[in-house]
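Notes follow once the structure below has been shown.
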Amino acid sequence: MSSPELLHAYRRLMRAGLRAVQFSSPSRYAIRGHLRDAFRDKQGTFDPEGIRRTIWFLNAAAQERGLEHKILKNIVRVFCSRNQTIMHFPWRQHLTLGRVFEAGLQKHGPRYDTLKDNELEHYKRTIAMLNETMGICLR
């Protein structure tokens, strides 16, 4: 695992990911965030075969609107909903959304948080099973 190999893998994944989301504004930042998180992870392992298969997956998502495209679309949607900072709203909308979110938490209480955590855990397990089955490296 040398530095040029990592750099080339990052660039190939970024290019394929941007093509898959057709360079759309919120999705390109989600792809960038996923890749940054994955490549900055200290406990991550470099798997050239997994990266090659992931690039195939992203290229298939870019070519037609099939199952791969839908999976990638949902991954991006979950990432964007979890990380509201990548959404490019004006600062006033951020304030309004923050108030609405806080009011929703007060209204629903702790039950709302546990349901959201369970949904996220189920999502993570589904992605892990997809990775294991197809031999790809999605997060």
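Points to keep in mind about this one:
- Any chance Leu6 is over 15 Å from the mean Cα position of the chain (by Cα), part of a helix (DSSP H, G or I) and more than 18 Å from Ala128 (Cα to Cα): yes
- For segment 27-79, the tally of residues that are under 16 Å from Leu130 (Cα atoms), of a type outside the set (Gly, Ala, Ser) and touching a His at 6+ places or on another chain (Cβ under 8 Å) stands at 1.
Here's the yes/no breakdown for (1) hydrophobic (A, V, I, L, M, F, W, C); (2) under 18 Å from Arg139 (Cβ atoms); (3) part of a helix (DSSP H, G or I):
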residue	(1), (2), (3)
Arg12	no, yes, yes
Leu18	yes, yes, yes
Arg28	no, yes, yes
Phe46	yes, yes, no
Ile51	yes, yes, yes
Thr54	no, yes, yes
Phe57	yes, yes, yes
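- Exclusive hit being surrounded by 17 or more Cβ atoms within 10 Å (Cβ to Cβ), within 16 Å of Asn74 (Cα to Cα) and either free of Cβ contacts under 8 Å to residues at least 12 places away in the same chain or touching a helix residue (DSSP H, G or I) at 6+ places or on another chain (Cβ under 6 Å) (or both), set Ala20, Ala9, Ala16: Ala20
- Single residue of segment 20-68 satisfying the filter (hydroxyl-bearing (Ser, Thr, Tyr) and within 15 Å of the chain's Cα centre (by Cα)) that is modelled with the highest pLDDT: Thr54
- Screening segment 30-44 for residues that are without any contact (Cβ under 8 Å) to a residue 40 or more places away in the chain and part of a helix (DSSP H, G or I) and picking the one that is surrounded by the fewest Cβ atoms within 10 Å (Cβ to Cβ) gives Arg40.
The values are calculated or read from the model by the stated rules, or taken from the named source; none is laboratory data. The structure presented is a predicted model; accordingly, all values stated were derived computationally and were not measured. Please note: Cβ atoms are built from the backbone with ideal geometry, for glycine as well, and neighbour counts cover all protein chains shown.
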